[in-house]
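Colleague: Sharing a structure here in structure tokens format.
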Amino acid sequence: MDIASDSGRAGIRENLTPRWKKRLGHKGMMFGIPFFALFLFSFIIPFFYALWESLYVRKSSGLGIGTAATHFAGLEQYLRVMKDGSFWAGMGRVAVFTCVVMPLIMIFALVEALLIDSAKARAKKAYRFLLLIPYMVPSIVSTLIWVYLYSPGIGPLRRMFLAIGLDVNFFSPQMLWVSMANLLIWMNVGFNMLILYGSLTSIDPVLYESAKVDGAGELRIAWSIKIPMVRGTLVLTCLLSMIGMLQLFDQPLLFRSASPETVTANFTPIMTIYNYTFTAGGDYNYAAALSVVLAIVIGVISAIVYGVSNRKER
Amino acid sequence: MNRNAAPIRPKANGPLSRWSRPGVLIALALMAFYAVAPLWWLVVSVTKSRIELYNTSGMWFGAENHLLENFHQLFAYEHGLFFRWLGNSVLYAGVGSVVCMVISIMAGYSLSKFEFRGRGFQMGLIMFSFLIPTALLTLPLYLLFSGLHLTDTVWSVLIPSFVNAFDVYLAKEYIDGAVPDELLEAARIDGAGEIRIFRQIVLPLLPTPAATIFILTFVGQWNNFYLPITMLRGSDKWTLSLGLFSFMQTKQNTLFDPTTIALAGAVVSIIPLAVVMIAMQRYWRSGVALGSVKG
């Protein structure tokens, strides 16, 4: 990522006075003002506000209703987060889930991209469109469709499995993970396929020619040329989906409406934060501390993955 | 992209290739079936009455067509509340992404083509913000907005949607490559003002990133769930997603079964997103590739 790519620009402006240049710079800065003003208001301030809130604790004094007093507590909330078993259980649940589902999504997307890449032109176009259809479905609708497909009452899946002699409850504690994984795969494969296919098409076809001359089959070409060439894209898309998945919220919330006893209120970290904010008495300070800890975890993971992938590419 | 190079490729002639062609097509057909079958179920189910839903095969139509009846029920629900949700979603996603597109391109232009103090710092802020999950910000935004009496208003959902650091980055990267400095210099020598240069010279060069930013933000807003469910209380300000969620919720605790309404609502909420995406696919496909290569 090149922040300053202004080689050559200086050459053109040699003949301009420094004062003029400075004025031009100020004018240019004006274009960024709407964005940065809103960025300050809806990003920077909330960011520090969350840090600030997380350092306070709100305790109701005595019997009084509405006489809760807020006072500075230092890192007390963070100690509470560290000891919060259900929050870390949710974090672990989501982390393990992410580690299992992410590779599945990526492998699936990669296979799709490779298959489309090796199909004929007309089939290419048609399948790229068909496989992308789930991406065009709003995420809440995808979840709704699958929750109904899984449901014992109207869902066809239960009946299909019964027909082959299997009685599957898709919302049972064991199956729930499979059900949710399938939903996320269905939702996310198309978009990742598109990105991977995009980077496959940018490979120079000359490489394939020489490989074929050397007697390489199509599988060999896919394995030894295509996959290594898209590895950078693969890592990046992996990272993006991973950050998204650690913030899992909508899907478990809808599954919760279908099976509240399996999907608890603190099922994922974001659900825990939402729960503390709105249902468990509005403990904003604690919810803020939880948000900060979640952000740190995600930030650290992203930094590590990003660092590792950058080093490998060099 | 390399379409013109395809004819040069020699015909596949390994021992594998004889069956690999039909093999590829069969594998693709299976994957396409997986992608499309759930939607087929939705289309079939929306034509059924409540009783048929429970008693007939899910993958084929029932004896009678109840499509119009189901839509009528949906539109009549709470005196057309569904239309409000539809309107709200269009408002949040449409206005949000247009404004986001404009200010992101302006900011990207500023960062790409001007030198001023604090530019590096601004760039650093944008990079830093990539690491911060939006979920961290939703709660403090809620607290902040409730202090300003903005929660439960359209602004609470609209304002955060205007700001997307990744879009600014995308715009900056694109402008770096697509807008030559010489063009701007020439216009300045001719005496054109900066605003005029931006509107008449720079903007016409940027349909691709503009469309990309618009579509990515539109999809993001249309799918947005955590922010609206946090901010909005009154059902008259809800989005389609919140409305559908409320249908799912009411199922458990009342005698009223909203399944048919929920299915009809699901069909309606797919349409605007699909229309926008299909109409603009030329742009966002290339834009997505651009984002992934540069990002």
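Colleague: Quick check: the angle from helix B:67-76's long axis to the longest principal axis of chain B, C-alpha only, nearest 10 degrees?
Modeller: 70 degrees
Colleague: If the cut-off is 16 Å between C-alpha atoms, which aspartates and glutamates fall inside it for A:Lys59, apart from same-chain ones fewer than 8 positions away?
Modeller: A:Glu76, A:Asp283
Colleague: Expressed as a whole number of Å, what is the distance separating the alpha-carbon centroids of the stretch B:19-61 and the stretch A:236-314?
Modeller: 32 Å
Colleague: First measure r as the distance between the Cβ atoms of B:Val95 and B:Arg21, then evaluate 1/(1 + (r/R0)^6) with R0 = 45 Å and state the FRET efficiency to the nearest 0.05.
Modeller: 0.40
Colleague: Report the FRET efficiency, 1/(1 + (r/R0)^6), for A:Ala181 and B:Arg188, where r is their Cβ-Cβ distance and R0 is 45 Å, rounded to 0.05.
Modeller: Plugging the Cβ-Cβ distance into 1/(1 + (r/R0)^6) gives 0.20.
Colleague: Whole-Å semi-axes of the protein assembly as shown's equivalent ellipsoid, largest first, each the root of 5 times a Cα gyration tensor eigenvalue?
Modeller: 39, 36, 24
Colleague: Then there's this: Would you kindly calculate the translational diffusion coefficient of the stretch B:141-286, applying Stokes-Einstein with the Kirkwood radius from alpha carbon pairs, for 20 °C and a viscosity of 1.002 mPa s, and quote it in µm² s⁻¹ without decimals?
Modeller: It comes out at roughly 115 µm²/s.
Colleague: Give me the angle, in degrees from 0 to 90, between the Cα long axis of helix B:165-178 and the longest principal axis of the Cα atoms of chain B, rounded to the nearest 10.
Modeller: That helix lies at roughly 50 degrees to the long axis.
Colleague: Measure up A:Lys212/B:Lys172; A:Lys226/B:Lys113; A:Lys124/B:Lys48; A:Lys125/B:Lys172; A:Lys21/B:Lys172; A:Lys83/B:Lys237 against 29 Å on the Cα-Cα distance and list the ones that go over.
Modeller: A:Lys212/B:Lys172; A:Lys226/B:Lys113; A:Lys124/B:Lys48; A:Lys125/B:Lys172; A:Lys83/B:Lys237
Colleague: Taking the Cα atoms only, what angle lies between the long axis of helix B:207-223 and the longest principal axis of chain B, rounded to 10 degrees?
Modeller: Rounded to the nearest ten degrees, it is 40.
Colleague: Helix check for chain A. Which DSSP H runs span at least 24 Å along their own axis by Cα, with a mean Kyte-Doolittle hydropathy no less than 0.5?
Modeller: A:85-118, A:175-201, A:284-313
Colleague: Another question, then. Say each of B:Leu148 and A:Lys125 gets a label point 7 Å from the Cα, pointing the same way as Cα to Cβ; how far apart are those two points in nm?
Modeller: Modelled inter-label distance: 4.8 nm.
Colleague: Shifting gears a bit: Of the options B:Gln221, B:Ile271, B:Phe116, report the single residue whose Cα projects farthest towards the positive end of the charge dipole of the protein assembly as shown (beta-carbon charges: Lys, Arg +1; Asp, Glu -1).
Modeller: Working it through, the farthest residue towards the positive pole turns out to be B:Phe116.
Colleague: Rule-of-thumb check for chain A: C-alpha Rg over 2.2 N^0.38 Å?
Modeller: Its radius of gyration relative to the 2.2 N^0.38 Å reference: 1.32.
FYI, it's all coordinate maths here, none of it is from the lab. Just so it is clear, the structure is predicted and the values come from calculations on it, not from any experiment. Positions of Cβ are backbone-derived with ideal geometry, glycine not excepted, and every protein chain shown enters the neighbour counts.
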